[in-house]
Amino acid sequence: QVQLVESGGGLVQAGGSLRLSCAASGTTFSINTMGWYRQAPGKQRGLVASMQTFGRTNYADSVKGRFTISRDNAKNTVYLQMNSLKPEDTGVYYCNFVGGGRDYWGQGTQVTVSS
């Protein structure tokens, strides 16, 4: 069973930065995709960014140029560097792991951007 532990959320002013981390344990899937999804109040959960094992990335249009996803495969850890944060980036950020044909989710970490 894959377990995901997230850290790094918090409260920040608009224009500020935060870095999220997500460490996966219990996985034997060397080929996988790790990423981040966001759910704002009253809205559906949507992709923020994802990264495959060998580096292919995918970003939501709204975060391109501001957010950067990276990963350390040796540590099974994915990071999300968020710069130039906007109030509309506010939400619960969930780590996602896809491997062996299954999805796994973290518990979520709150990011609040004040104007």
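For the range 26-69 versus the range 79-101, the spacing of their alpha-carbon centroids is 6 Å. The trypsin sites (Lys or Arg not before Pro) of the range 30-115 that DSSP puts in a loop, and whose beta carbon has at most 14 other beta carbons within 10 Å, are Lys43, Arg56, Lys64. Of the residues Pro87, Ser7, Ser50, the one whose Cα sits farthest toward the positive end of the charge dipole of the chain, with +1 on the Cβ of Lys and Arg and -1 on the Cβ of Asp and Glu, is Ser50. When you have a sec, figure out the Kirkwood radius of the range 41-91 from all distinct Cα pair distances and drop it here in Å to one decimal? Here the Kirkwood hydrodynamic radius works out to 12.1 Å.
Only Lys, Arg, Asp and Glu carry charge here, each on its Cβ (+1 for the first two, -1 for the last two); on that basis the chain has a dipole of about 120 debye about its Cα centre.
Short-range pairs are left out: with C-alpha atoms under 8 Å and at least six residues apart, the relative contact order of the chain is 36 percent. Could you name the lysines in cross-link range of Lys86, using Cα to Cα under 24 Å and dropping any fewer than eight places away on the same chain? Output for Lys86: Lys43, Lys64.
Would you mind getting the Kirkwood hydrodynamic radius of the chain from its Cα pairs, rounded to one decimal in Å?
14.0
Every number in this text was worked out from the coordinates using simple rules, so none of it is lab data. Fair warning: this is a prediction, and the values are worked out from it, not measured in the lab. Every residue, glycine among them, receives a Cβ derived from its backbone with ideal geometry; neighbour counts consider all protein chains shown.
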